[in-house]
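A.B. asks: Following this message is one structure expressed as structure tokens.
The values are calculated or read from the model by the stated rules, or taken from the named source; none is laboratory data. What you see is a predicted model, and the numbers here were worked out from it, not measured in a lab. For neighbour counting, all protein chains shown are included, and Cβ atoms are generated from backbone atoms with ideal geometry for every residue, glycine included. Protein only, heavy atoms only, side chains kept; ligands, DNA and RNA dropped before computing areas. Shrake-Rupley method; radii C 1.70, N 1.55, O 1.52, S 1.80 Å.
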Amino acid sequence: PVTLAELKAQLGIATADQASDTVLLRRITEARKWAEGYTGRSFMPQVHELRLDAFPACGEIPLPFPPVTEITSIKY
């Protein structure tokens, strides 16, 4: 959700240093993953697999990490 260029502009970093860029990219990923875990929502397209031992008693299967844009397979 945030590019390296956007982060560097926000932090006022004008130089290009491969080692620093690698660290910043890792921090972007870590922050996104933390925020996704905190909110329970996906900020970027992802693939998840959900396996259940039985149908829920309520009759509905809650899908983790909304928003869901595509379901590629359902096996019963």
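A.B. asks: Please give, to one decimal in nm, the separation of the simple spin-label points placed at L50 and V23, each 7 Å out from Cα toward the Cβ.
C.D. replies: About 4.0 nm, to one decimal.
A.B. asks: Would you calculate the separation in nanometres between label points at W34 and K8, each defined as 7 Å from the Cα along the Cα-to-beta-carbon direction?
C.D. replies: 2.3
A.B. asks: ³J(HN,Hα) across region 3-19 via Karplus (A = 6.51, B = -1.76, C = 1.60, θ = phi - 60°), whole Hz, x for Gly/Pro?
C.D. replies: Once θ is set to phi - 60°, the couplings for region 3-19 become 7, 4, 4, 5, 5, 5, 5, 5, 8, x, 9, 9, 8, 10, 10, 4, 5 Hz.
A.B. asks: With an 8 Å Cα cut-off and a minimum separation of 6 or more residues, compute the relative contact order for the chain in percent.
C.D. replies: Averaging sequence separation for qualifying contacts and normalising by length gives 29 percent for the chain.
A.B. asks: For the chain, what does the accessible surface come to per residue with a 1.4 Å probe? Please give it in Å².
C.D. replies: 90
A.B. asks: For the chain, give the percent of accessible area contributed by carbon and sulfur heavy atoms, probe 1.4 Å, rounded to a whole number.
C.D. replies: Exposed carbon and sulfur together represent 58 percent of the surface.
A.B. asks: Which of E49, E60, E30 ends up with the largest GNM mean-square fluctuation for the chain, with Cα atoms connected below 10 Å?
C.D. replies: In the Gaussian network model the winner is E60.
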